[in-house]
1. Looking at region 109-118, can you tell me whether even one residue there is modelled with pLDDT of 90 or more, closer than 22 Å to Arg234 by Cα and not in a loop (DSSP other than H, G, I, E, B)?
2. Write out, first by first residue and then by second, each pair whose Cβ atoms fall under 6 Å of each other, whose residues are 6+ apart or on separate chains, and whose first residue, in region 130-152, is among the hydroxyl-bearing types (Ser, Thr, Tyr) while the second is in a helix (DSSP H, G or I).
3. If a residue has to be surrounded by fewer than 14 Cβ atoms within 10 Å (Cβ to Cβ) and not in a helix (DSSP H, G or I) to count, how many in region 61-95 make the cut?
4. Kindly list the number of the only condition in (1) of a type in the set (A, V, I, L, M, F, W, C); (2) under 24 Å from the mean Cα position of the chain (by Cα); (3) in a loop (DSSP other than H, G, I, E, B) that fails for Leu149.
5. From the residues in region 156-185 that are in a loop (DSSP other than H, G, I, E, B) and either within 22 Å of Asn69 (Cβ to Cβ) or free of Cβ contacts under 8 Å to residues at least 24 places away in the same chain (or both), which one is farthest from the chain's Cα centre (by Cα)?
6. Looking at the structure I just gave you, is Arg249 at pLDDT 90 or above, in contact with a Lys or Arg (Cβ under 8 Å, 6 or more places away or on another chain) and charged (D, E, K, R)?
7. Limited to region 234-265, what total is found for residues that are under 14 Å from Val206 (Cα atoms) and either touching a Phe, Trp or Tyr at 6+ places or on another chain (Cβ under 9 Å) or in a strand (DSSP E or B) (or both)?
8. Inside region 179-195, can you point out the residues that are crowded, with 16+ Cβ neighbours inside 10 Å and at pLDDT 90 or above?
Amino acid sequence: MWELGVAALACLVAVVLGVRLVRARRAAARALQQRRWLLERERESAAQQAVDAERARIARELHDIVSHNVSVMLVQAGAARLVVETEPAQAAEALREVETAGRDTMTELRNLLGLLAPPADGEEPPDLAPQPSLARLSPLVDRIAFAGLPVEVRVSGEPRSLPSGVDLTAYRIIQEALTNALKHGDGGKAEVTVRYTDHYLRVEVVNSGPSVLTGGSAAASSSQGEGRGLLGLRERVAAFGGDLDARRRLGGGFRVRARIPLERP
């Protein structure tokens, strides 16, 4: 009888342990499934964020490429129309600038499309022109000046090689600020200052004539859905841990100032 009781107790203990083991395994399986689901959601979220960031980058590039060159082309075409009968040589020169701006636009668009659509297996990669940089600032300044906005450029500090992203961002800041000064300015001139320091690249563009940036102030740009160029510049600079300030000047005109760290935080 005693042995039967011990055997029954042993069977009961085994059943209890077995039930607990089954429950533990089921709980572990549910936890693993939940963890897999969370990881999948995180991967999907990260992928969507990457897609959104890439779309924003493409939108910034398209805006910077098209807005600047088309603005210069419109100014030059208008100037040519005004003097085509009285100053045919000047009109011809303006039309040549329109042609140059159009070619530059096509070149930059081909570069952008070439980066977005890499060659298939076995195909040769397309010949891409160098990205805009501060080393190519002179043609930009000459084009703006020829379109009617005198530009003075000052460089301080020791110029040196910059990370490609920082170099492109600095160029785009100057390009956007000069383009807006050309479109919305009323006479005056523009001053571009590039300053190299140990830890920062500082860029400032000031135009002296009464003008506004696209969409007005930063607050108005945000509220009215305008000022894509200014917002794009802020996004570019923020990506490197820098800051950008754009505001009206008390004496008229506008000032755009950016500080970009040379080492990413």
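1. The answer is no, given that none of the residues of region 109-118 is modelled with pLDDT of 90 or more, closer than 22 Å to Arg234 by Cα and not in a loop (DSSP other than H, G, I, E, B).
2. Ser133/Asp167; Ser133/Tyr171
3. 2
4. Exception for Leu149: condition (2).
5. Gly185
6. Details: at pLDDT 90 or above: no; in contact with a Lys or Arg (Cβ under 8 Å, 6 or more places away or on another chain): yes; charged (D, E, K, R): yes.
Considered against the rule, which asks whether it is at pLDDT 90 or above, in contact with a Lys or Arg (Cβ under 8 Å, 6 or more places away or on another chain) and charged (D, E, K, R), Arg249 comes out as no.
7. The initial filter retains those residues of region 234-265 that are under 14 Å from Val206 (Cα atoms), namely 244-258.
So of that shortlist, the ones also either touching a Phe, Trp or Tyr at 6+ places or on another chain (Cβ under 9 Å) or in a strand (DSSP E or B) (or both) come out as 244-248, 254-258.
Within region 234-265, residues that are under 14 Å from Val206 (Cα atoms) and either touching a Phe, Trp or Tyr at 6+ places or on another chain (Cβ under 9 Å) or in a strand (DSSP E or B) (or both) number 10.
8. Passing the criteria: Ala190, Glu191, Val192, Thr193, Val194.
The values are calculated or read from the model by the stated rules, or taken from the named source; none is laboratory data. Bear in mind that the values here come from a model prediction, so they are computed numbers and not experimental data. Every residue, glycine among them, receives a Cβ derived from its backbone with ideal geometry; neighbour counts consider all protein chains shown.
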